[in-house]
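Participant: Sharing a structure, written as structure tokens. Questions coming.
The values are calculated or read from the model by the stated rules, or taken from the named source; none is laboratory data. Since the model is a prediction, treat every value here as computed from it, not as a measurement. Positions of Cβ are generated from backbone atoms using ideal geometry, with glycine treated the same way; all protein chains shown enter the neighbour counts. When the accessible area is computed, the model is the full protein with side chains, heavy atoms only, and any ligands, DNA or RNA have been set aside. Shrake-Rupley method; radii C 1.70, N 1.55, O 1.52, S 1.80 Å.
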Amino acid sequence: MKINILRGSLITGALALLGSALIALPANAAEFGDCSQDRLCLYTAEGGLTAEGDTRLPRNYATNVTPQGYSEFDNQTKSVWNRTGEWACLYTETRWGGSVQAVKPGDQVLALNAELSAPGAGVSSHKFAPSRALCFSGFERCTDGQLCLFKEKNGRGEMTDLDGSRNLYSDSWNDKVKSVWNRTDSMVCFYNDTYHGGAFVTDTTPAQTYRAFRVLADDATNLIAPYEDSFGSHRFDANADSLEDCKP
């Protein structure tokens, strides 16, 4: 009889433990749910959960989908699961601008870093990259045959692509260029007024001295003072090979 009682107690205890484990499963299963393989999934609450009252499913993005801006999901991402084989690059601004958080392949991020989760900030765009370093560059958006101007360093932020038919800048681009990729076959001369001329202040010349800025064919560069945020126009010169050729 004593053996039967002991056996019954063991069985009862085992069932109790199993029951408590089964009760705990749904809460754990809800974390990072509804995320398909080979997708980047964005959640509206920390810990891979959906915010209270949010009836939407997490956003699932394939690697061939790289929105430069969101609609109703803007600034609402709190946690991330990157189930792709690429690095996921998250940005606080549209068009791959602002602060960055790089999420390696397979990672679950319970909470975004301080810059992306600060009040008024959040994820506003993303892209995929084969390495972490490329999360901090956006030059690859520039297509062959175009001159591309960017409002942030390393080809990030807002971009415009230009050709020979547009070389005087609008108010939205005048004095706002921080990096350039010239993917044309010609050298490009940049000027700080809208009519291919002007003056730049340099460290070596206390007085304002005319000094254009050139970018060779198929060359990408970040601008520094006094050229950063100074361009108002440009022109192409297929036969030019020196800065002297940029003089008006």
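Participant: What does the extension gain come out to for ASN75 and GLU140, with contour length at 0.36 nm per residue minus their alpha carbon separation?
Facilitator: Numbers: separation 65, 0.36 × 65 = 23.40 nm, distance 2.48 nm.
Extra length available between ASN75 and GLU140 comes to 20.9 nm.
Participant: In square angstrom, rounded to the nearest 10, how much accessible surface does THR92 have for a 1.4 Å probe?
Facilitator: 20 Å²
Participant: How do HIS126, HIS196 stack up against each other in accessible area, from largest to smallest, with a 1.4 angstrom probe? If you can, show how the numbers build up before the last one.
Facilitator: Numbers: HIS126 0, HIS196 50 Å².
Sorted by accessible area, descending: HIS196, HIS126.
Participant: I need the phi-derived Karplus couplings for region 97-109: 6.51 cos²θ - 1.76 cosθ + 1.60, θ = phi - 60°, integer Hz, Gly and Pro marked x.
Facilitator: For region 97-109, the Karplus-derived couplings read x, x, 6, 10, 10, 9, 10, 6, x, x, 6, 9, 9 Hz, x marking Gly and Pro.
Participant: For region 76-150 and region 36-74, what is the separation of their Cα centres, given in Å?
Facilitator: Here the answer is 14 Å between Cα centres.
Participant: At 7 Å along the Cα-to-beta-carbon direction for both ALA118 and THR63, put a label point, then send me their distance in nm to one decimal.
Facilitator: Output for this residue pair reads 3.2 nm.
Participant: Just the ratio, please: alpha-carbon radius of gyration of region 51-188 over 2.2 N^0.38 Å, N its number of residues. Present the calculation step by step, with values, prior to reporting the outcome.
Facilitator: Details: Rg = 16.6 Å, N = 138, 2.2 N^0.38 = 14.3 Å.
The value comes to 1.16.
Participant: What's the Cα-based Rg to Rh of region 81-145, Rh via Kirkwood?
Facilitator: On the way: Rg = 12.1 Å, Rh = 12.2 Å.
Rounded to two decimals, Rg/Rh equals 0.99.
Participant: Run the simple label-point estimate for ALA238 and SER172 please: 7 Å along Cα→C-beta, distance reported in nm.
Facilitator: 3.0 nm
Participant: Provide the solvent-accessible area of PHE213, counting protein heavy atoms only and rolling a 1.4 Å probe, rounded to the nearest 10 Å².
Facilitator: So the heavy atoms of PHE213 present about 40 Å² to solvent.
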